[in-house]
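Below is one structure; the comments refer to it alone.
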Amino acid sequence: MWQLIFLGCFSLLTGVAYAEETVVLPLPLESGATVIQSGNPAPNAETLPTIVIPDNPVPAKIDCPPPQPAPASDADKLRKQRSQIAAKWIESFRSTIKDTARNGNFFTTLFTSSKQPIDTELLGDMDRFIALHPDMPEAADVYLLKSQVHTRMESYNAAAVDLLMVMAGYPDSKSLAEASKRLSELGGDQLKKQASVIGLLTQKTKALTGDHDHRVAAYLADIGTTMNDADFARPIASECALFLQSNRSFLDEDIIEHALARQSMLIDNRIALYHFNTLLALYPSSPMLPDSLLSMGNVQRKGLKLYAQAVKSYSKLIEQYPEAPETKNGYLALAGMYDEDMSDYPNALKTYDAIVAKYKDDPVVLQSLRNMALIYQNKTSQPAKAIETYVKVSEIFKGADALDALNKAESIATSSTHDWNVAMNINDRIIALVPNTDTAAKAAFANGEIAELNLKDTEQARKLYSVVIDGYPANALAKEAQKRIAAIDKKMQN
């Protein structure tokens, strides 16, 4: 037992001794180095190892390879490749156009079509180039080449639009002067009758600002919604479609889709509806929707005779955009369709009533009331309602419009309803509206005649004729009124 205790104590003492001793590797002593000695050596004890710390240690150097670039993706390689071959592609266009030029005299070309398959192929590839490189300066050259192909195809309007696109999208291009020159030549030759239109389109390019996409978008949106020339519709629509393919930075693509749809209305009704429906589906918050719904209704009504669908388009415009400027015309178009195309007079009158209630004294109310009066007078056999409607016109509007309405009301009252009291009341309104005029004298005399001939009230007739004599002495009717009074007096004496 005591042996075990001895061994344990010995192990403990040995561990303490090792803990107090520091093992240091010998280092060469540098100038200015600090020497640190470990432990507390006893007298006559062996000197312990030392640690030497340099004042300015040199950091260790680690050799690291430089970062390697990520390998290019196939898409990046393709973009680079296309950019590199762009110039060669343009040169290919030029050489092909030159090699396929129309040769021959007048008689050999007279019976040859100006449209060749190679031209269609060239135009397709040129559009592909523009879609891939819309903001590349060389794209202006491609538009010039397009105009050359369109010219030899005798598609002069398309050639003009090609040149206008150079001016709109590439104001700093070296091709600008050439485009302007060719456009001027077209306006003085093949498109002489449309020179004013070309001049207007050219002028619009001068007000454009911003980068390529914004300039082209602004231009197409402008001419696409204001141009109403069927000869220019197809090339403008084609440029709108091409922009939608090539756009890189313009956010409001809905205005281009809208311009495309508007130009398509001049080309084909079904195509127009397709693009308007595309706009509604892709851009439900677009500010172009009110005009699109109105345009759709007009196409469905006038172009395709799809009246039920037109009702939906007009009604959607009215319900969803009640304060839009287009809604006013939507109301009128809907009411007019019910009246003129569908013979649905109750709905026509209901819609006109809604217009009168909403727009108060707007000119659209005048038109609506007149249309209502005609429906009552000629289509629903309600002459009294027609009179009432014309009188309402005179209460809302003044001047010539009111006078015209009162004259029509008086005519219906005397010729259709034979409501003599109403007729006299209308004449009183005329006198109040235009006092001291020949028209007022005529109305006053008419009242005398009604009293004499229709109401058989000679006493009242005599008084009314006297109004004409006293109020309008210079009018020829004053003498006639005197004769009538004399005749009445003679009858009373007999």
Exercise. Starting with the highest mean, order 193-200, 457-464 by the number of other Cβ atoms within 10 Å, averaged over the residues of each peptide.
Key: 457-464, 193-200
Exercise. Taking 7 Å along the Cα-to-C-beta vector as the label spot, tell me the Glu388-Cys64 distance in nanometres, rounded to one decimal.
Key: 9.3
Practice problem: Pop out the ³J(HN,Hα) list for the stretch 224-237 in order, Karplus 6.51 cos²θ - 1.76 cosθ + 1.60 with θ = phi - 60°, rounded to Hz; leave Gly and Pro as x. | Solution: x, 9, 10, 6, 10, 9, 4, 5, 9, 4, 5, x, 5, 4
Quiz prompt | the stretch 187-238 - accessible surface per residue (Å², probe 1.4 Å) | solution = 50
Exercise. Rounding to the nearest 20 debye, state how big the charge dipole of the stretch 360-434 is about its Cα centre with +1 on each Lys and Arg Cβ and -1 on each Asp and Glu Cβ.
Key: 180
Quiz item: Rounded to the nearest whole Å³, what is the per residue volume of the convex hull around the Cα atoms of the stretch 71-203?
Solution: 116
Self-check item: Gain on full stretching of the segment that runs from Leu304 to Glu185 - 0.36 nm per residue minus C-alpha separation
Solution: 38.9 nm
Quiz prompt | Rounded percent of accessible protein surface that carbon and sulfur make up, the stretch 394-469, 1.4 Å probe | solution = 49
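Could you order Ile85, Ile430 so the one with the most accessible surface comes first? Probe is 1.4 Å.
Sorted descending by solvent-accessible area, the residues read Ile85, Ile430.
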Quiz item: Carbon and sulfur together cover what percent of the accessible area of the stretch 261-349 at a 1.4 Å probe radius?
Solution: 52
Quiz prompt | the stretch 405-488 - accessible surface per residue (Å², probe 1.4 Å) | solution = 51
Quiz item: Of Ala310, Ser394, Asn407, which is farthest on the positive side of the dipole of the stretch 297-415, counting Cα position, with +1 on Lys and Arg Cβ, -1 on Asp and Glu Cβ, and the Cα centre as origin?
Solution: Ala310
Quiz item: Which whole-Hz couplings ³J(HN,Hα) result when phi for each residue of the stretch 79-95 is put into the Karplus expression 6.51 cos²θ - 1.76 cosθ + 1.60, θ = phi - 60°, listed in order with x for Gly and Pro?
Solution: 4, 5, 5, 5, 5, 5, 9, 4, 4, 5, 5, 4, 5, 5, 4, 4, 5
Quiz item: Given a Förster distance of 41 angstrom, what is the FRET efficiency for His418 paired with Asp362, based on the Cβ-Cβ distance and rounded to 0.05?
Solution: 0.75
Quiz item: Can you give me the Cα centroid spacing of the stretch 355-388 and the stretch 245-305 in angstrom?
Solution: 33
Quiz item: What order, most packed first, do the peptides 278-284, 330-336 have when packing is the mean number of other Cβ atoms within 10 Å of each residue?
Solution: 330-336, 278-284
Quiz item: Around Met227, with a cut-off of 11 angstrom between Cβ atoms, what is the net charge of the other residues, counting Lys and Arg +1 and Asp and Glu -1?
Solution: -1
Practice problem: With only Lys, Arg, Asp and Glu charged, each at its Cβ (+1 for the first two, -1 for the last two), find how big the charge dipole of the stretch 105-219 is about the Cα centre; round to the nearest 20 debye. | Solution: 500
Quiz item: What accessible area per residue comes out for the stretch 332-377, rounded to a whole number of Å², with a 1.4 Å probe?
Solution: 43
Quiz item: Which pairs in the list Lys146/Lys193; Lys174/Lys204; Lys312/Lys360; Lys115/Lys192; Lys77/Lys115 are over 27 Å apart, alpha-carbon to alpha-carbon?
Solution: Lys77/Lys115
Self-check item: Dipole of the stretch 67-187, positive end: most advanced residue of Ile130, Ile97, Ala75 [Cβ charges, Cα centre]
Solution: Ile97
Self-check item: Backbone HN-Hα couplings from phi across the stretch 257-271 [Karplus 6.51/-1.76/1.60, Hz, Gly and Pro as x]
Solution: 4, 5, 4, 4, 5, 5, 5, 5, 4, 8, 10, 7, 5, 5, 5
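The values are calculated or read from the model by the stated rules, or taken from the named source; none is laboratory data. Since we're looking at a predicted model, the values are computed, not measured. When we count neighbours, we look across all protein chains shown, and the Cβ atoms used for this are built from the backbone with ideal geometry, even at glycine. These accessible areas exclude ligands, DNA and RNA; they are computed on the full protein's heavy atoms, side chains included. Shrake-Rupley method; radii C 1.70, N 1.55, O 1.52, S 1.80 Å.
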